Structure formats: structure tokens, C-alpha cells
1. Please work out the ratio of the alpha-carbon Rg of the chain to 2.2 N^0.38 Å and round it to two decimals.
2. Would you mind getting me the FRET efficiency between residue 671 and residue 635? Use the beta-carbon distance for r and R0 = 35 Å, nearest 0.05.
3. Out of the total accessible area of segment 822-883 (probe 1.4 Å, heavy atoms of protein only), what percent is carbon and sulfur?
4. Once fully extended, how much extra length lies between residue 190 and residue 727, figured as 0.36 nm per residue of separation less the alpha-carbon to alpha-carbon distance?
5. Can you tell me how segment 822-883 classifies by the Cα gyration tensor, rounded, prolate or oblate, using a/c under 1.5 as the rounded cut?
6. For segment 63-114, which whole percent of the accessible surface, found with a 1.4 angstrom probe, sits on carbon and sulfur atoms?
7. If you count, for each residue, the other Cβ atoms within 10 Å and average over each peptide, how do 450-456, 619-625 line up from highest to lowest?
8. Rounding to the nearest 20 debye, state how big the charge dipole of segment 260-392 is about its Cα centre with +1 on each Lys and Arg Cβ and -1 on each Asp and Glu Cβ.
Amino acid sequence: QSSCQLLIQMFSVSLFACRPCQTIRGLLHLLQTVHKTFTAWCNSHLRKAGTQIENIEEDFRDGLKLMLLLEVISGERLAKPERGKMRVHKISNVNKALDFIASKGVKLVSIGAEEIVDGNAKMTLGMIWTIILRFAIQDISVEETSAKEGLLLWCQRKTAPYKNVNIQNFHISWKDGLGFCALIHRHRPELIDYGKLRKDDPMTNLNTAFDVAEKYLDIPKMLDAEDIVGTARPDEKAIMTYVSSFYHAFSGAQKAETAANRICKVLAVNQENEQLMEDYEKLASDLLEWIRRTIPWLENRLPENTMQAMQQKLEDFRDYRRLHKPPKVQEKCQLEINFNTLQTKLRLSNRPAFMPSEGKMVSDINNAWGNLEGAEKGYEEWLLNEIRRLERLDHLAEKFRQKAAIHEAWTEGKEDMLQKRDYETASLSEIKALLKKHEAFESDLAAHQDRVEQIAAIAQELNELDYYDSPSVNARCQRICDQWDALGALTQKRSEALQRTEKLLETIDQLYLEFAKRAAPFNNWMEGAMEDLQDTFIVHTIEEIQGLSTAHEQFKATLPEADKERQAILGIHNEIAKIVQTYHVNMAGTNPYTTINPQEINAKWDKVRQLVPQRDQALIEEHARQQNNERLRRQFANQANIIGPWIQNKMEEIGRISIEMHGTLEDQLTHLRQYEKSIVNYKPKIDQLEGDHQLIQEALIFDNKHTNYTMEHIRVGWEQLLTTIARTINEIENQILTRDAKGISQDQLNEFRASFNHFDRKRTGIMDAEDFKTCLISMGYNLGENEFSRIMSIVDPNRMGIVTFQAFIDFMSRETADTDTADQVMASFKVLAGDKNYILADELRRELPPDQAEYCIARMAPYTGPDGVPGALDYMSFSTALYGESDL
């Protein structure tokens, strides 16, 4: 029972996990394993002093062998032991041993000299385990991990290339014996034929490993194969104690492993940088190719003939702005971020700055992007101008057709009328009537002269505006002009004939003449009024429609006077009828001087009265449309006048934040990301403004006096705001990379920031060369021209004459931090090569991971020295090339 309690306290075994008898047997087996392992470990060191122990509880009771064990494993001399046999002498010796253990920084909890002298098994085993941890395991260090974790990582690294080996702990991972065999084979492959081992034969594997370790590696057999295979969970402390012996046995190979780790680290950095360079080149090529394909489309100015086709072009342009361009804006921003991150990593690893392929610099991409936006702006302006032109053309074409139709209707039959020779057989009164009628026709002809000139002017304007149906317009206009010329010639010819006959015919009916003279202008006025009332109109502002409404009201004001004129003309006709009836004049009931009759006048007057309210309704509807357009203008202006200043303020705030940052870099990064999130959350307002802008364009509104901001201004400002905040965040991330890589403290960063801000006199986030030189002198640099030129080539590789804060931090960290150099890498390769001036491919494959070994083999030049052998590789030139000192 006491043995069970001891094991429960030492190994945290639960008696409730199984039946008591099975538990006691398992605990006793575990206790025997621990006794055996600890005893073997102690003897492996005591035999160096020519002694050993048989019973771990009994042989350490007098303290003599315990002190001897500590001297062997520490290499130090302890106080002179007491040689007496009394209990007080034994306690004194054990106390000396315990004091020495405590002096090594080990806390001995509840372990006293009396318990060791009394043979307390729990305390004795606990003390031995404490000694093992301190002197065999604690000093193990692998890649910034130590003690148990370092030993486990060492095992994992050494057994990684072996199949069926997966070391995750110090108990069940070792049961099949392959882990022990793999450790031996990795360091001494000639001792074990690993390929013949089987996972399903753990006894053979374990015995092979234990026998080889004892025979060839001078590692005592601390465990039996049965101790491991015969238990469900081997004892962790026993396994750790045994494995630590392997670690110390192979510690001679640790130097090579450290050298390999250094090379792996350098190669990993180089591979990562090369991948970033390839990614940048591909992303830059894709973006430039998209710009190259897009600009010709935006520069295509081939006009369409119809408004519908041009509206489709405008819709395609909106889809480009809304769907195709935004992802490319993100790619451009990400490209700049990747470029800055790559340059920062190259500076941190002492690599030369990355120079993209010709034509793929960030400045080249910015220039191409500027050309794209220039073409985009020109294309949008061209679209809007073309829509205005087509709208104007449609209006002019409709006006031309209306006027041409009215004129053609008027000229119908006029040529036949002018070619009649009715005056040859007419009476005197008929001749006079024909003469007066012809005079009235000439008045009518002159009145139509304006209409013909208007038709010709409209046709000329359609030609100047490249109307697509100009040939048919020109042909119709030519027919009208030719007919007009013919009418003029015929009119002149008939007038001459009538004048010749006038000398014979003197009597004329004055009333008919008066009717004709007054009826013709009035009829022409009515036709003009009907034409104006039916004329289409196009306006763009409230003022223009108000002007049309005012003109229409003025026209309506003339209607009473026109009605009086109509009544007067009808009165003349009534007087003629009265005279004919009174004097029985044979006039055949028609007016010989004009074709206009009272019925036609009344019909046209009625038509004018009908068109007036229709015109009123059209003006009212247009006024309502213009009011809606004005509402859209104000709605857009109200939002734009808020968003535009907001974007400007945010740009200024980001500028101030980037200069006057406080707190740690992580705090600044968190603050900037929250700031970025607040900016991104503003995007719905931009989208809402885009919707208002689309409504304005659909309403064909081309100007807005209520705001100076256009949608283009807002888009460019928004894109610049997103790019600026992303660039500022990237700068902070690069500063964190610099700080972590160089080991710079927060106080040093604050001091760098204070120095930079002091000499950044313009508060722009950059220093010119003179300010930078003054800053260096203030920090104690003794600068000549050559030295300052060298420093400027580091902080300003693009020769722009400025120094950014990131470049300033990189320079200061480079001055204060220690980094890997080409000489250090060269020395590491020399360790792997066994102090030779060359290295073999097999040595690289044995010491380095497969991918990095092949990376070196593919890039190392053959060794040409006199001491070389076939297949020798030159690691010296390769190490130099890694840091840009020669071509790789």
C-alpha cells in the first residue's frame, strides 16, 4: 500500500481507473522501470569515477556517492565530505549535495537530508529526477525552445525524414522502437539497416536500438524492451532520461545542425523574396495588360447614328465603372502594398532593393493608370456630347420634316396655276382680278420666303452636325429650293404677262382686292401660329421653360386683336356678297384674287383655338419635368457638398495621424484599422450618391449650379482615400516587421519618430536630403560627401532626393542591430563541409531539408579549386551572391 501511495504521488496515477489488483501490478511494474532507468543513468556517470550503485535508495544514504555523482556531471568540486559513519556525518554530506543543487538555481521542494539518509524512496527518486532535469535536460536548447520542449523538438527534427516515425510525446510515440532506431541511423547510419525494420516488430526494434547504443555509443541500457512494450503508456520520465543520453551522445553533431539551421533560415528568406518578386511581376503584368486592353476601348470615338445606340454605350461605360474597374483599383493598391512589403523584407535581410522588369515599376503602373483615367474622362465627355448632339439632331430633323411638309403642301399646284393662260380669253374684270390675284400670290410667296430660308438653314445645320440621314435631307431641301426658284421664275413671267394685259383691263373690284390683301397675311399668320403651336421644343432649365411660357402668354394676348382682324376680313367678304346681290354682278360667287375663303379662315381659326390649350398642357408638363430635374440637381448637390469635404477632411486627418502617431505600433495599427473600418462603412453614402448621379444622367441633366463637385471628383477622392489609409497601415506593418526583425524597443522607435518629426519641418512625412544630413550630424555622425552619398544610396535607392520615415527607421535599425552576413553564411557552409573549401551534393541533402538542399544544388557553381573532387560545389561564391555582392 505504501508503494502504491508513493507512485500515486509521483506519477499522478488514479486508483479508480481499474480494479485494485491490476492497478497495484501496473504501479509496481512502473516503479521497477523508474528504478532501473534512474539507476542506469546514475551508473553511466559514476563509472567515470570508477564506482557504481546497486540500490538507489540505500547507496546514496551516506551522501558520498551522491556528492561524487554531482562532481562528475557538473565538472565542479564540492566541499570535502565527512568520512564518519554516524548519522550526523551522513546528513552533513547529503546537505552539502543538496546545497550544491540549490546553488544551480533548482528549488528542492519538501526534499530534506533526513529523508535521503532514512532511505525514503519517494524523496530519493524525486531528487534524482530533479538532478536529471537540471543537468541532463534543462540545458538542451533547440530553436528558442529548451528543456523538455527543446528535447522533443530535437527528436522531431532528427526523425522527420523517416517513415512510420511520428514523435509527439515521451511515452507512446516510442513504443514501436522506430524512434530510437531513427535517432541512431540519422547520426550513425552505418550502425543500423533502417530499411529492414518493421513497425509491427517493436521488440526487435527496441532491442536492436538498445544493444547498438550500449555497444557503439557508450549509452548504458537504461530500459528493457519489455518495460516499454509491456505497458500501455511507458513512463515519461524514464523515456526522457534515456533519450537525453542520446542527445548528449550526439551533441557533437549539434554544431553542424546549427550551421544548417542558419543556412535554412537564409535560404528560406531568399525563397520567400523570390516568390514575392514573381508574384509582383505577374500582378503587374496582368494589371498593365488589362489597362492596355481597356484604353483602346475608351479611346474608340466611333459615333452611333441613333440615341438608343449611344445610350447603350453609356450603359456599358457605367457597367465598366461599377463592375470592372473597382477590382482593378484593389489590385493596384495591393500591388503597391506588396512592393513596399517586399522592399522592407529585402532591407531587413540585407538584400539589394528589388528592381522590377522594365516597364513594370510602380511609377510605370501609376503612369499607365493615369493614362487610363485620362482616356476614361475623355470617353465620358465624348459620350455626353454625342448624346447632346443626337438629341439636337433629332429635334432639328423633326423640325425640318414639319416645315418641309407645310411648304410642300403650300406649293402643291402652284406651278400649274402660274402656267395657266386664262388671261388670254378673260374679260376686263377678269383680267384685273387675275392681276390682283397674282399680286396677292406674290405677297404670299414673299411671306413663304422665310420658311424656305429656315428649311435651308436647318438642312445646313444637320450637315454640319453629321446627321446620319443627311443625303435624304439634302435631296428634299434641293427639291424645295429648285421648286422655289421655279415658282419665282414662273411668278415673274406671269406678272409680266398680266401687266401687259393691264393696259387693256382697268376695272377691278377693290373689295375683292382688299379681302385678298388682308386675308393672305392673316391666313399666313394663322399658318405660322399653327406651326409655332405644334413646334417641338427642348429645354434644360426652369428659366428656359418659363421663357417659353411667357412667350406663349404673350401670343395668347394677341388673340383678341387677331379675332378682330378675322371679323374685319369676314366683313369684307360679307360686303362683297351684299354688292353682288345688290347689283347682280356676275362674279361666279368666288374671289378672283385669292383662293382663301371665309370657311378656310374659320377652320384655321378654330384649329388655332384648339392648339392653344394643347400647347398650355405641353408647357405645364415640361415645367413639371424641369422642376423634377431641379430637385435631382439639389438632391445630388446636397450629398456631394457633404461627401466632398468629408473626403478632404479624412485625407488631412490621415496625413496628421501618419506624422503625429502616439503609443505602440500595435496601438497605432489597431487605431488605423478602426479608422479604415469607419471609412469603409461610409461606402453606402458613396453608392447612394452614385445612384443619384445615375438618375441625373438618365434625366439628361448636364450641369448643376448648386455644387462644384462632380461624380468624377468624388470617385477620384474616394479611391485616393482608400489607397492612402491602406498605404499608411502598410507603413506601420512594415515598421513592426522592422522592429521585430531588428529587436528595436518601443522607446527606440519613439526616439526615431521624435528625431524624424523634429527635422520634418514641413510636416509632410518626408525629409529632404539637407534635413536628413542635419539630422545625422545632430546624432553625432561625422559626414563627408562620399559617406553621405553612400548613406543616401541606402535610404533613397530611387534617387528621388527624399527620405521617408520607413527608410529612416530601416537605416537606424541597420546601424544598431545585428543581422546575418555573407561571411556568417559562408562559415556555416564550411562547418557542413567539414572545413573543406567545397561541399558535395550528398552533404547538402543530408544536412538540409530536401527543398532547400535542391535549391542550393541548382544554384551553386562547380568548384574549380586545385583541391576539388568530381561533383564539388562552390559554396563561397553562392554565399556572397545571396547578399547581392555578386551575380547569383
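1. 1.83
2. The calculated FRET efficiency here is 0.50.
3. Using a 1.4 Å probe with all protein chains present, segment 822-883 comes out at 55 percent carbon and sulfur.
4. The span from residue 190 to residue 727 would gain 187.6 nm if fully extended.
5. Rounded shape, in that the Cα axes give a/c under 1.5.
6. 53 percent
7. For the peptides 450-456, 619-625, the packing ranking is 450-456, 619-625.
8. Here the size comes out at about 340 debye.
The values are calculated or read from the model by the stated rules, or taken from the named source; none is laboratory data. Just so it is clear, the model here is predicted, and its values are computed rather than measured. Positions of Cβ are generated from backbone atoms using ideal geometry, with glycine treated the same way; all protein chains shown enter the neighbour counts. What goes into the accessible areas is simple: the full protein's heavy atoms, side chains included, and nothing from ligands, DNA or RNA. Shrake-Rupley method; radii C 1.70, N 1.55, O 1.52, S 1.80 Å.
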